[in-house]
Amino acid sequence: MSVILVTGSYDHEIRFWEAWSGICSRTIPRAAESGQVNRLAISPDKRLLAAAIHKKAYIYEIAAAPSAGPVAIYEGHNGNITAVCFHSEGKWLVTGSEDGTIKIWDLRSSSHLHRNYDNEAPVNDVVVHPNQGELISCDQAGRIKQWDLSENICTHELTPGGDTPMRSISLASDGSCLVAGSVKGKCYVWKINDERSDLPRFQAVTMFQAHTKYLTRLLLSPDVKYLATCSADTTVKIWSITPNYEFKLEKTLQGHQRWVWDCAFSADSAYLVTASSDHTARLWDMSTGETVRQYNGHQKAAVCCALHDGAG
């Protein structure tokens with residue numbers, strides 16, 4: 001499977017799609033289980049899918065038989081899991097939750113909780129720094145925090161919008177900048193300086209209003225030339241980024257009929273996948289801003305998606 005495209009929905013289903021044909025190739029049956037699918041992540045080696053389903057994290061083998069169940073289930077959160085990502089060659093799984101904690105799980109053990117960080121406020125998003133030594137989170141209290149994995153502590157805290165909840169964060173693939181989006185549709189950008197330099201670790205460079213309605217997700221492209229912002233206004237906006245961090249609106253992707261909840265770039269930054277409350281996911285051509293494929297099958301809102309078409 002060179003291209004792995006997965007969507008999750010309020011209908012409790014996880015669907016794998018053939019990216020170009022639009023055909024659903026596998027549906028993970030969850031008839032005996034309750035709970036909506038909140039977030040999805042694919043391991044760097046394309047072997048595993050992590051699904052945040054209500055308060056638990058489920059691990060599925062991507063190449064397994066269509067009817068195969070999870071190979072591991074991680075329990076320990078007391079609230080909805082809102083963020084899930086793989087760390088360090090897929091050996092660890094990071095989860096963030098509305099219960100105010102960030103947890104790191106050892107994927108080589110079926111139930112082993114490796115670390116627990118108390119964020120004190122509901123966590124909305126977590127990303128792993130490319131150096132693999134830090135996590136960055138954002139929360140409902142409006143804070144963005146950097147967690148040092150070796151020291152096991154929070155080393156930096158930002159509150160760019162006061163107590164306005166920070167909904168989503170994205171880190172440049174080269175670790176050069178951080179972008180955060182608030183529920184009010186405002187984006188904040190920091191240049192990330194080396195810890196050993198005399199400059200602040202996070203140097204604020206700009207802020208701009210991306211949407212007038214609720215912002216659900218933002219994501220920097222792998223080549224760090226674009227920022228995608230998803231919103232309750234049914235659109236996805238594509239912003240170009242100059243070397244000195246000027247953000248210019250390049251395209252507005254229109255086609256979804258309801259809220260757009262999530263997005264994922266292809267490895268070459270040429271395509272974007274989006275998931276929407278209109279029950280569909282879409283594949284967009286970044287060069288034209290047009291929909292090249294629509295994925296139909298979910299019976300309720302499609303709220304998360306994951307795409308891995310790079311080297312395994």
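Using the Cβ-Cβ distance between Gln294 and Ser240 with R0 = 22 Å, the FRET efficiency computed as 1/(1 + (r/R0)^6) comes to roughly 0.30. Protein heavy-atom surface of the stretch 4-308, 1.4 angstrom probe: 47% of the accessible area is carbon and sulfur, with nucleic acids and ligands not counted. Normalised by the number of residues in the chain, the mean separation of alpha-carbon contacts (under 8 Å, six or more apart) gives a relative contact order of 14 percent. Working from label points 7 Å from Cα in the Cα-to-Cβ sense, the Ala311 to Lys248 distance is 3.3 nm. Per residue, the solvent-accessible area of the chain (1.4 Å probe, heavy atoms of protein chains only, all protein chains present) comes to 41 Å².
For the stretch 4-308, what class follows from the C-alpha gyration tensor (a ≥ b ≥ c being the square roots of its eigenvalues): rounded when a/c is under 1.5, otherwise prolate if a/b is larger than b/c, else oblate? Here the stretch 4-308 falls in the oblate category.
Take the Cα of Leu199, go 7 Å toward its beta carbon, and the backbone nitrogen atoms of the stretch 163-177 under 12 Å from that spot belong to 176-177. Cα-Cα over 22 Å: which of Lys184/Lys248; Lys46/Lys237; Lys191/Lys225; Lys56/Lys186? Distance filter (> 22 Å) returns Lys46/Lys237; Lys56/Lys186. Sorting Ser276, Ser197 on solvent-accessible area from highest to lowest, probe radius 1.4 Å, gives Ser197, Ser276.
Label reach from Arg258 (point 7 Å along Cα→C-beta): in the stretch 16-58, amide nitrogens under 19 Å belong to 35-40, 54. Cα centroid separation, the stretch 148-226 to the stretch 52-73: 31 Å. Once both labels are positioned 7 Å from their Cα atoms along Cα-to-Cβ, the gap between Asp174 and Asp106 label points is 3.7 nm.
Averaged over residues, the count of other Cβ atoms within 10 Å places the peptides 151-157, 288-294 in the sequence 288-294, 151-157, highest first.
The values are calculated or read from the model by the stated rules, or taken from the named source; none is laboratory data. Small disclaimer: the values here were computed from a predicted structure and weren't measured. Positions of Cβ are backbone-derived with ideal geometry, glycine not excepted, and every protein chain shown enters the neighbour counts. For accessibility, only protein heavy atoms count, side chains too; no ligands or nucleic acids. Shrake-Rupley method; radii C 1.70, N 1.55, O 1.52, S 1.80 Å.
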